[in-house]
């Protein structure tokens, strides 16, 4: 799976590139970390959520039927 060239923060709505993320600069776990950190507001979040993916799959099933 190819990584996106930019992300949109769910809190402030601003776009940023992976190079702009501020939390990965000094973190020892940054190599295996799956958190995204908005450089504008500092909000940290996961790119994909198991709960959101589950709800999307339920929605798709409902729409198909």
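The values are calculated or read from the model by the stated rules, or taken from the named source; none is laboratory data. Keep in mind it's a predicted model, so treat the numbers as computed, not measured. Quick reminder, even Gly has a Cβ in these numbers, built from the backbone with ideal geometry, and neighbours come from all protein chains shown.
So, residue 10, is that one assigned to a loop (DSSP other than H, G, I, E, B), loosely packed, with under 14 Cβ neighbours inside 10 Å, at pLDDT 80 or above and in contact with a strand residue (DSSP E or B) (Cβ under 8 Å, 6 or more places away or on another chain) or not? Yes; evaluated as a whole, the condition is true for this residue.
Determine if region 45-65 includes at least one residue that is part of a loop (DSSP other than H, G, I, E, B) and at pLDDT 80 or above. So far as region 45-65 goes, no, none of its residues is part of a loop (DSSP other than H, G, I, E, B) and at pLDDT 80 or above.
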